[in-house]
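Notes follow the structure.
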Amino acid sequence: MALLAACSSGSGTNSEPLEISSNSSSGADLFAETFDDLPVCTVNREGAIAYVKDEKAAYACEGGDWTLDDEDSTERKSNGDTDNDGKSDSSGNKKINVPGGSSDASVYDVVTGTLTDSRDGQTYRTVKIGDQVWMAENLNFVTDNSWCYGDDPANCAKYGRLYTWGAAMDSVGEWSTSGRGCGYGKTCSVASASSVTLVRGICPKGWHLPSYDEWEALIVAVDGSITEYTSSNTAGSKLKSTSGWEKYEDKSGNGDDVFGFSALPAGNRDCGDYYSEGYSAGFWSSTEKGSNSVYHMDLIDNGVNASLNYNSGNNGFSVRCLKD
């Protein structure tokens, strides 16, 4: 499969925030590590609430200035809650869901083989392959720099979301600090080859974005061999779903899904356009090839192999989380 071209730095696609995050599910409009990291309080931000992590305090944008919220430091003035869960209390105050709080949790049920992400209540199937426990569905957690294929919400329900690498690594440090500052054009090397660092990234608590070595371990567990850019293994046919993949010439592109990984051909996003739905699937790793390139696991319709390729961190690929 040909590598996608990287978007130019002047195209406007490299817009990943490094310090500030907006997440409607959290109750706050913005998150910042320190007060100095807050953006300018403009007319467009009037009424926005920002949570400053090192102060554990909330600020409101009012009249061109960030002012300390005069309610409890974790409560938002308007339509909200008191239990750190995004609901409302009797006084009408909305509490900010602080990262690491009660809303930032996950429930793994080994009996049913399911993972529930308490941040948004979504439940995913899981599967154990070798010594690893994987999500058996693509992540569908809403965050900045993530999209539904073709901008169609139905595709998020079908395939999960497509994320830039910076979004997958949680470059803003909203959920953990392990991937903070990582993104296109930023060399962070937190999970270089042979690294034991677990990068949670955008994954539910207790799960993480797989490293190059962990993707390699999956391919070896499934097939016993791994070689970049070659078709010397048959892991792809064993990881692909049994339906949804387009035919290549006179052959079906579907897999056997013998391990229950159920990889669907979710396609990708490149420079603002969507490509290859039905023909390919790409899954981010936490391992950089260089400041502009990142390793990802590739599956394609016209091959039986699974390969570890690398591409621009600005592209949009799927995320599969691995249990810590």
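The values are calculated or read from the model by the stated rules, or taken from the named source; none is laboratory data. If you're wondering where the values come from, they're calculated on a predicted model, not measured in any experiment. With ideal geometry, Cβ positions are generated from the backbone for all residues, glycine too; neighbour counts draw on all protein chains shown. What goes into the accessible areas is simple: the full protein's heavy atoms, side chains included, and nothing from ligands, DNA or RNA. Shrake-Rupley method; radii C 1.70, N 1.55, O 1.52, S 1.80 Å.
Miscellaneous remarks
- Of the residues making up segment 143-165, those that are assigned to a strand (DSSP E or B) and open to solvent by less than 30 Å² (accessible area, probe 1.4 Å) are Ser146, Leu162, Tyr163.
- Scanning segment 121-142 for residues being open to solvent by 20 Å² or more (accessible area, probe 1.4 Å), over 18 Å from Asp223 (Cα atoms) and in a strand (DSSP E or B) gives a total of 4.
- Asp273, sole failed condition from (1) modelled with pLDDT of 95 or more; (2) more than 24 Å from Trp165 (Cβ to Cβ); (3) surrounded by fewer than 17 Cβ atoms within 10 Å (Cβ to Cβ): (2)
- Qualifying residue in segment 301-320 (condition: open to solvent by 10 Å² or more (accessible area, probe 1.4 Å), free of Cβ contacts under 8 Å to residues at least 40 places away in the same chain and not aliphatic (A, V, I, L, M)): no
- The numbered conditions (1) acidic (Asp, Glu); (2) touching a strand residue (DSSP E or B) at 6+ places or on another chain (Cβ under 9 Å); (3) over 17 Å from His208 (Cβ atoms) are all true for Asp117 except (3).
- Scope segment 242-271; condition among the β-branched types (Val, Ile, Thr) and either within 18 Å of Trp215 (Cα to Cα) or touching a His at 6+ places or on another chain (Cβ under 6 Å) (or both); matching residues: Val258
- Subset of segment 126-184 [under 17 Å from Leu239 (Cβ atoms) and basic (Lys, Arg)]: Lys128
- Annotation: of all residues in segment 201-254 being modelled with pLDDT under 95, in contact with a helix residue (DSSP H, G or I) (Cβ under 7 Å, 6 or more places away or on another chain) and assigned to a loop (DSSP other than H, G, I, E, B), the one that is least open to solvent (accessible area, probe 1.4 Å) is Asn233.
- Residue within segment 176-188 that is open to solvent by less than 40 Å² (accessible area, probe 1.4 Å), among the β-branched types (Val, Ile, Thr) and outside any helix (DSSP H, G or I) present: no
- If you go through segment 255-269 and keep only what is open to solvent by 10 Å² or more (accessible area, probe 1.4 Å), touching a Ser or Thr at 6+ places or on another chain (Cβ under 8 Å) and either over 22 Å from Glu137 (Cβ atoms) or not small (Gly, Ala, Ser) (or both), you end up with Asp256, Asp257, Leu264.
- Close pairs (7 angstrom Cβ cut-off, 6 or more residues apart or separate chains): under 16 Å from Phe317 (Cα atoms) in segment 207-219, open to solvent by less than 30 Å² (accessible area, probe 1.4 Å) and assigned to a helix (DSSP H, G or I) anywhere: Leu209/Ala168
- For segment 255-297, a residue qualifies if it is in a strand (DSSP E or B) and under 20 Å from Val199 (Cβ atoms), and the qualifying residues are Gly282, Phe283, Trp284, Ser285, Ser286, Thr287, Glu288, Ser293, Val294, Tyr295, His296, Met297.
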